[in-house]
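Computed from the coordinates by the stated procedures, all read-outs in this text should not be read as laboratory data. Only a predicted model underlies this, so the values are computations on that prediction, with no experimental measurement involved. Glycine also receives a Cβ, built like all others from the backbone with ideal geometry; neighbour counts cover every protein chain displayed.
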Amino acid sequence: MPKTWVQYNKELPYLEDRQPWEIPTCYMRKSGPNAYEVVEGRRPSRMFLVNKLRKAVDQWRAEGYPGATPTSRELLTYWFEQSHPPVFGNEPFHFYFCQREAIETLIYLYEVRQFTDLAEVIDKFHEEYRGTLFSGEYEISEAMDGKRTLKRYFPELQQEGEQELPEKDLLRYAIKIATGSGKTMVMALVVVWSYFNRLREGSRRHADNFLIVAPNVIVYERLAKDFADGKIFHEFPFIPPAWKSRWKLNIKLRGDESPLAPGGNLVVNNIHQLYESRQKTWEPKNIIQAILGQDVPKDPARPPQTLLERLKELDNLLVMNDEAHHVHDDELKWNESLLSLHNSIPGGLKMWLDFSATPKTPNNTYYPWIIVDYPLAQAVEDRIVKVPLIVHTVNKSDPEKITGDNVVQKYGAWITAALKRWKEHFDAYQGIGKKPILFLMAEKNAYADRIAEAIARRGKKYGIEKDEILVIHTDSTGEIRKSDLKKLRDTARDVDSPDNKIKVIVSVLMLREGWDVQNVTIVLGLRAFDSPILPEQAIGRGLRLMRDVSPDRTQTLEVIGNNRFEKIVKELETEGVGVNTTKTPPPLPVTIAPEKKRLQYDISIPQTDFSYVRVYRDIEAVDVSGLPSIFTSDKLSEDQITLLKMEVMNLGVEVHQVEIESEYIELGRELVSYITNQIMKRAGLTDCFHVLYPKVTEYILTRCFEATLTDIENEELRRKLKELSIQEAIIDLLAREIGKATVHQKPITIKGKPIKLSETPRFLWRRKHIRCKKTVFNFVACYNDFEAEFAEFLDRADDVEAFAALTNILRIDYLSVSGAIRHYLPDFVAVQNVDGKKTFWIIETKGREYPDLENKNRTIKRWCEAVSKQTVGEWKYLLVRQTHFNEIKGKLQSIYQLIAYISDNRSAQLKII
């Protein structure tokens with residue numbers, strides 16, 4: 001049942017504890033003006049195939065990816081089950097769940113279900129809409145020329161209609177993923193998955209040649225920046241370390257006309273380089289050329305072939321379209337070019353993948369081949385894009401009779417409101433070296449010019465000079481005018497840089513995709529009439545998060561505009577995005593930073609090297625006879641254990657083959673393969689199936705049931721291995737034991753300079769923050785009320801000399817209960833001074849229990865002991881549970897009293913370690 005949602009600051013609703021890399025278990029639904037309720041489960045999709053596909057992929061994931069190739073399973077484990085070092089800032093890197101679900105769904109359809117045509121996918125996963133005249137039925141018809149149409153119900157239009165389908169045997173899927181959610185990351189996942197399957201599995205179904213197509217130069221240059229020299233594959237954890245020596249992908253960008261290798265090519269280009277019209281027929285210019293023929297090229301090494309011709313010579317190819325809502329018309333040259341590739345390459349394209357935040361046809365209907373739906377609403381909840389917020393500060397009706405001469409006069413109030421708000425943003429963000437940008441959308445080029453001139457005249461009042469305003473003219477379709485293209489391309493590359501001058505961008509209508517600016521924090525929409533525009537595109541240029549701004553990942557995009565523009569933005573609510581409206585501009589985030597006057601409260605924390613290293617060769621040395629049997633597992637009840645022990649004596653009895661055929665049971669080796677892969681997933685192991693599988697088999701036959709068995713294909717044994725509780729017990733036990741056996745624990749040693757809190761870079765914070773005295777920071781950043789209450793206790797404690805909240809400042813590795821290596825980020829550090837003796841405390845405040853807590857406790861205890869021996873101070877660890885702190889918080893005046901309470905009242909379970 002839905003429950004009422006209590007907002008933090010009346011403006012920005014939060015899903016507490018939501019991490020963007022975890023499977024979402026609930027979503028927010030608007031229940032009234034600026035009010036929300038939390039609904040359990042996933043946000044339903046209105047796409048034709050997605051809801052049923054989600055359930056199938058969820059079950060497949062939970063079962064450990066059965067049916068996928070070993071290479072795919074190892075990649076999925078490496079990408080999504082392991083902790084990765086930071087890429088930005090100090091927080092460990094995680095792929096987002098939307099990226100995970102996209103590649104999982106693709107692998108499920110391609111490797112497990114092995115569909116070869118979209119009609120098969122529709123038959124299995126189509127949505128059955130109820131409560132309408134169209135009760136879930138659909139019809140696919142084929143014309144005489146082979147073109148197919150799909151008749152179905154469109155929930156976005158609330159009516160029936162028809163759509164064209166891809167031609168037979170062209171496997172085409174679409175990934176609908178919100179702006180700013182990482183489409184490029186998904187493309188890179190696809191490349192690595194397909195490349196290594198062809199290489200390691202020898203799979204001819206998988207491609208090792210890839211073409212990424214951009215609709216225009218702006219999008220192309222963004223892609224080229226990511227993929228040039230394989231940059232994206234080196235900066236992010238796409239390739240398991242043990243596989244890197246086999247990664248040999250040739251990146252081909254625009255202008256590179258060198259021949260393509262038979263395999264291992266990644267071509268990134270804009271569609272204009274593919275058009276068949278580029279193949280010009282040679283015609284003689286004079287009688288001499290007519291007699292002698294075509295001149296020899298000045299550069300004999302320059303291949304005469306077009307890119308399209310070179311691609312057609314490959315024996316396999318996978319195509320990915322970025323911003324694929326441009327590819328909706330079969331008459332477009334884009335479509336013609338890609339179809340010519342499909343019809344020329346032996347066996348056709350391996351796959352054709354469309355990526356877009358708005359994969360719609362001109363009729364405003366979603367593509368029927370969408371297999372993944374990550375809507376903007378969920379991206380907002382996950383805090384991987386900015387939160388859109390309408391700031392309705394101009395209480396006027398929309399002006400009428402707008403002309404180039406009076407546009408500034410008519411829209412003066414809105415322009416002034418946006419400039420004032422931008423100045424406040426500029427002052428707030430300047431402290432962390434970020435430059436906010438005001439993005440203004442006008443109706444016509446003439447209006448844009450007049451508005452820019454007006455801002456330039458009054459700009460000095462707000463700190464804006466004339467050369468800090470960029471005006472971009474577009475044509476009637478929203479495309480950049482050729483005369484402005486170079487200026488925009490040059491500016492777009494570094495507009496987010498503090499060294500870039502641009503503070504205001506004035507654009508006609510909207511800038512289309514590809515112009516990906518992170519620093520837009522205010523959008524001003526001035527429109528005289530309702531021109532066709534998608535709401536997500538209206539604010540899309542401002543949705544991307546700024547990097548390294550705040551550990552709480554909460555940033556806002558303030559939308560100011562006339563009533564018609566606000567109405568367009570409010571249409572996002574039909575997609576589930578809760579767009580709040582406020583007449584009072586919301587409080588800006590505070591800048592949290594060390595202060596000079598507080599240096600007496602500075603704390604230096606020893607910086608240590610990571611202490612856990614995975615050594616895979618140790619798997620072969622594991623002695624399974626020394627491992628516990630599953631009878632010690634907490635996954636089995638006492639009744640199950642008793643019954644299982646009684647049945648063990650029958651596991652060696654041969655059963656006649658006819659009985660085996662009477663009920664299908666997986667082969668023993670299939671069950672062991674599944675268990676092995678699950679162990680690797682849970683323990684965070686990669687590239688070790690070949691050595692782990694024999695150990696798992698040996699364990700099951702000789703130790704698992706405290707009996708010696710001889711045949712993994714014994715039917716009774718297979719029946720037992722098929723039971724989920726037994727599978728789970730084996731997986732849990734071996735993941736833990738193998739994980740421990742393959743981890744070398746190095747001594748914790750101090751490396752480099754200590755972490756001085758006074759050297760912490762400034763960051764912004766939107767969540768709870770309180771002012772305290774005994775901290776080097778101007779504010780204490782808190783994620784919840786419990787942390788705030790505990791910070792207040794530390795601030796008033798008689799024996800606390802200094803303390804600080806450790807928002808992602810200190811990171812310590814530990815071995816989780818599953819056997820995987822993970823990273824731990826403590827909450828607080830405090831300095832206790834009793835009679836001149838200082839004790840440094842690492843403090844964890846916990847409101848809920850979780851399995852890894854005790855492992856973290858042991859790790860921090862070991863860390864404290866190690867650094868105490870290597871420094872002059874004494875370090876200790878304190879774990880405080882919320883329920884018990886609430887019982888005594890009013891009585892405590894010192895950490896000493898807290899320790900005394902712990903020693904006198906063990907039942908409180910406040911622990912000093």
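For the residue pairs K740/K856; K52/K124; K176/K248; K460/K501, alpha carbon separations beyond 20 Å are given by K176/K248. For the stretch 713-787, the gyration tensor built on C-alpha atoms gives an oblate shape. Its axis ratio a/c (a ≥ b ≥ c) is at least 1.5, and a/b is not larger than b/c. Counted over the stretch 797-891, the DSSP beta bridges are approximately 65% antiparallel.
List the trypsin sites (Lys or Arg not before Pro) in the stretch 773-846 that DSSP assigns to loop (not H, G, I, E or B) and whose Cβ has at most 12 other Cβ atoms within 10 Å. Which are they? Sparse-neighbourhood loop trypsin sites (Lys or Arg not before Pro): K773. Are there any chymotrypsin sites (Phe, Trp or Tyr not before Pro) in the stretch 794-870 that are in a DSSP loop and have at most 10 other Cβ atoms within 10 Å? List them by number. For chymotrypsin sites (Phe, Trp or Tyr not before Pro) across the stretch 794-870 that sit outside H, G, I, E and B with at most 10 neighbouring Cβ atoms in 10 Å, the list is empty. Measuring between their Cα centroids, the stretch 159-192 and the stretch 764-793 lie 44 Å from each other.
When each of the peptides 745-752, 36-43 is scored by how many other beta carbons lie within 10 Å of its residues on average, the order from highest to lowest is 36-43, 745-752. On a 27 Å Cα-Cα criterion, which of the cross-link pairs K225/K503; K168/K252; K597/K751; K751/K838 come out too long? Over 27 Å apart, Cα to Cα: K168/K252; K597/K751. Under 20 Å of direct C-alpha separation, and excluding same-chain neighbours fewer than eight residues apart, K567 reaches these aspartates and glutamates: E11, E156, D398, E400, E443, D530, E536, E558, E575.
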